[in-house]
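Below: the structure, in structure tokens.
The values are calculated or read from the model by the stated rules, or taken from the named source; none is laboratory data. For clarity, every value in this text was computed on a predicted model and none was experimentally measured. Quick reminder, even Gly has a Cβ in these numbers, built from the backbone with ideal geometry, and neighbours come from all protein chains shown.
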Amino acid sequence: MPETPAAHLFHLVDEAVWAEVVRDGRYAPASLATEGFVHCSYAHQVAGVAAARYAGVPDLVVVELDPAGLDVRDEDSYGAGVTYPHVYGPIPVSAAVAAHPLSDLLDGTVCAAVDR
């Protein structure tokens, strides 16, 4: 039976920070050092994460990631019965499929495009 391709992952980050990442070639946010992984979401989780963790934060982009080649683990960090994808290790810029303005997420453009 053919293997089903993994769903893309999404990560919210400040637009200026992501611009630096593009120049540097890899992304290693503070959570990688403090928690050992990079927090990500699946398409259906992004709006909830944006509302819960980033309400009112300006200039965010939603980076869409291809998980191929990344060490991704679905984990329930909060014991709430909901798992989120965590990336263990720095994320190479080459894994980024796109960086969408958060406003595209809010009007449904991003989720409509990837949540198929």
Within the stretch 27-49, tally of residues that are outside any strand (DSSP E or B), closer than 19 Å to VAL17 by Cα and small (Gly, Ala, Ser): 4
Looking at the stretch 91-105, which of its residues are surrounded by 15 or more Cβ atoms within 10 Å (Cβ to Cβ) and more than 15 Å from HIS8 (Cα to Cα)? PRO101, LEU102, ASP104
Would you check if ALA68 is among the hydrophobic types (A, V, I, L, M, F, W, C), exposed (fewer than 12 other Cβ atoms within 10 Å of the Cβ) and at pLDDT 90 or above? yes
Exactly one of (1) surrounded by 13 or more Cβ atoms within 10 Å (Cβ to Cβ); (2) assigned to a helix (DSSP H, G or I) is unmet by ALA52. Its number? (1)
Could you list, in sequence order, the residues of the stretch 67-93 that are more than 18 Å from ALA28 (Cβ to Cβ) and assigned to a loop (DSSP other than H, G, I, E, B)? ALA68, ASP76, SER77, TYR78, GLY79, ALA80, GLY81, VAL82, THR83
VAL63: passes all of (1) among the hydrophobic types (A, V, I, L, M, F, W, C); (2) in contact with a Ser or Thr (Cβ under 9 Å, 6 or more places away or on another chain); (3) at pLDDT 95 or above but (2)
Residue pairs meeting the criteria (Cβ under 6 Å; at least 6 apart or on separate chains; first under 15 Å from GLN45 (Cβ atoms), in the stretch 81-102; second loosely packed, with under 15 Cβ neighbours inside 10 Å): THR83/ASP74; THR83/GLU75; THR83/ASP76; PRO85/ASP74; HIS86/ARG73; HIS86/GLU75
Subset of the stretch 1-26, residues of a type in the set (Val, Ile, Thr) and either closer than 20 Å to SER103 by Cβ or part of a helix (DSSP H, G or I) (or both), comes to VAL13, VAL17, VAL21, VAL22
